[in-house]
């Protein structure tokens, strides 16, 4: 039997990115200098609090009492999608946009004068180039979001916030490269604006973006930990926080979509979500998302391997998060195929 969980935030580790409040605003609060737990989650909030724990870019959210491992075993039946208290009573944009404004970092406060080009070796600049290039795909991705979600006013409004925040990432990375002495071709930014077509499943598209934002957040986290150039380390930590908050927001929109769908369609869409996860676990050969391709390109180049996260280290984290999103508890990649088979059987019944 599971034991109760006591959530807390280790303030020194917190970067105040707001991912936790985007997921579970009744439990976490960022009105101070760091996030804090204002009360323990109710039964309905617990899933969202656990998702916040796994999405947190610095692992600042801790649980005092670990849950029994048996409670995470993959069950034969798939439970119905649950919701936060009062979920669906108001637009998510009205909640997520002000929350983002409370924690958003300002471009004008970046201390560019502190950049030390002597601490920016070529292998580090290779990694930053790859990251900056992949970030530009948000331009065409935004166009595709507005087309695919043309009838969803709530999501369309939020995507404008997402696009604004994402646009700042390649801007500051390219500016860092320029000040570090890197010469980029004139069409560098333009070539990176191409993204791949979305899949037909709306939930599958949202799951894809939860995965990519978590992967990007962890890659920036590693860059922030390993960069010998202190300003880049600071930029990486800021961007990691943005990506984590975006993952949390995509998580909320995907949960709401599943919650409001008819049960038979929700089952099919949960299967699509698992198929997306299975493809992502297969690497860039199975998925064409820019983040997955960026990580694989870096993985094939030994030049900068000490500066980014190994793809394998985030697999279990992503599996846990998507399991929580779909209400299908999973430990690791080995559980995904089993869960997908069971879900497809239920969808056909």
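Remarks
- Being at pLDDT below 95, under 28 Å from residue 236 (Cβ atoms) and surrounded by 12 or more Cβ atoms within 10 Å (Cβ to Cβ) is a description that does not apply to residue 74.
- Of all residues making up the stretch 105-157, the number that are under 19 Å from the mean Cα position of the chain (by Cα) and outside any helix (DSSP H, G or I): 3
- Helices (runs of 4 or more DSSP H) (entirely within the stretch 263-349) containing at least 1 residues that are modelled with pLDDT of 75 or more and surrounded by fewer than 17 Cβ atoms within 10 Å (Cβ to Cβ): 263-281, 315-326, 333-348
- Qualifying residue in the stretch 194-203 (condition: buried (at least 17 other Cβ atoms within 10 Å of the Cβ), in the same structural domain as residue 140 (by TED's automatic domain parsing), out of contact with any strand residue (DSSP E or B) (no Cβ under 7 Å at 6 or more places or on another chain) and at pLDDT 95 or above): no
- Of all residues making up the stretch 211-233, the number that are over 24 Å from residue 273 (Cα atoms), part of a helix (DSSP H, G or I) and touching a residue at least 12 places away in the same chain (Cβ under 8 Å): 9
- Residues of the stretch 134-166 classified as under 30 Å from residue 121 (Cβ atoms) and at pLDDT 95 or above, total: 2
- Condition met for residue 172 (within 16 Å of the chain's Cα centre (by Cα) and in the same structural domain as residue 110 (by TED's automatic domain parsing)): no
The values are calculated or read from the model by the stated rules, or taken from the named source; none is laboratory data. Model, not experiment: these values are computed from the prediction. For neighbour counting, all protein chains shown are included, and Cβ atoms are generated from backbone atoms with ideal geometry for every residue, glycine included.
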